[in-house]
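Working notes, structure below.
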Amino acid sequence: MNRFLGAYNWLTRPGAKLDKRQKEFLRDQTFHGNEIVPNTRRMCLMNLFLHNVGELDGEPLVARSDALITEPKLKVDYVLANPPFGKKSSMTITNEEGEEDKEALTYERQDFWETTSNKQLNFLQHIVSMLKVDGKAVVVLPDNVLFEGGAGEKIRRKLLESCDVHTILRLPTGIFYAQGVKANVVFFDNAPKDGRVHTQGVWFYDLRTNKHFTLKTRTLKLDDLQDFITCYNPENRFDRIATERFKFFSYEELMARDKASLDIFWLKDDSLDNLDDLPPPEVLQQEIIEHLEAALASFRDVAAGLQRHD
């Protein structure tokens, strides 16, 4: 919802001279989305309508469906996405006694590179499938997507080959996900399926090391992103300059890393020299849990792969 409205506000910013046809296209044909929860979908549609996007009696711009089930019918120019929490897709099962349990849900799609129950990896593959040949995507993803083995490694390698993954913004802890969970913004462009490797290298911006934000008392603001915006150089992203926090890694360097990991740091963490300045115990334990769950998920993917080949 916020991504729709943010894009709308930018397209209608002061000085933007949209003619009548462009305004109608912006209102009726620009935004498309999915929401599986009925009340959330209704709230989203109402909010869009209040901002002059969509019509009350027209075709809803936000469909109510599980976006991961089938290959998308509509190809788009841009995807701005923050996929749902949680690494595992699941469905609720009610037994004869009325007890509920969650069963892991694996999506078997011919257009996916790998079959996995990892929700974040499935959404990443789905987003690639949504893009036109020259489409562009900006996706918020947790750290495990950058370092997981098994299906995670295979999907990263295919993403770097099939798309131009050009920028990764390493976000501070707890900004998009639960406390202690680290996230990134991954920027990539789709490319023709011509058998060539399309990622020449990735620029990483570290907004995490020695940065401290909270969701209430020290929130992340636009001013905190200004240096990243300058380094990104949106007018010409092919003309960039490395800085202390902005560094380029070539495709060859990335492929040579263990599991083609994109979980990269180079700045010195000052807190490591001061044991009194370590993150809170709940943050440390969440990081340990994340890495253990990622390792367990990798083992499950390997086991599932072995079963399929039996």
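The values are calculated or read from the model by the stated rules, or taken from the named source; none is laboratory data. All values reported here derive from a predicted model rather than from experimental measurement. When we count neighbours, we look across all protein chains shown, and the Cβ atoms used for this are built from the backbone with ideal geometry, even at glycine. Remember, those area values only see protein heavy atoms, side chains included, never the ligands or the DNA or RNA. Shrake-Rupley method; radii C 1.70, N 1.55, O 1.52, S 1.80 Å.
All conditions in (1) open to solvent by 90 Å² or more (accessible area, probe 1.4 Å); (2) touching a helix residue (DSSP H, G or I) at 6+ places or on another chain (Cβ under 7 Å) hold for Met46, with the sole exception of (2). In the stretch 52-68, how many are under 14 Å from Leu5 (Cα atoms) and touching a strand residue (DSSP E or B) at 6+ places or on another chain (Cβ under 9 Å)? Total satisfying the criteria: 3.
Total residues in the stretch 208-254 satisfying the condition of being at pLDDT 95 or above, part of a loop (DSSP other than H, G, I, E, B) and surrounded by 15 or more Cβ atoms within 10 Å (Cβ to Cβ): the figure is 2. Restricting attention to the stretch 188-207 and to residues that are open to solvent by 30 Å² or more (accessible area, probe 1.4 Å) and touching a Phe, Trp or Tyr at 6+ places or on another chain (Cβ under 9 Å), the residue that is farthest from Lys158 (Cα to Cα) turns out to be Trp203.
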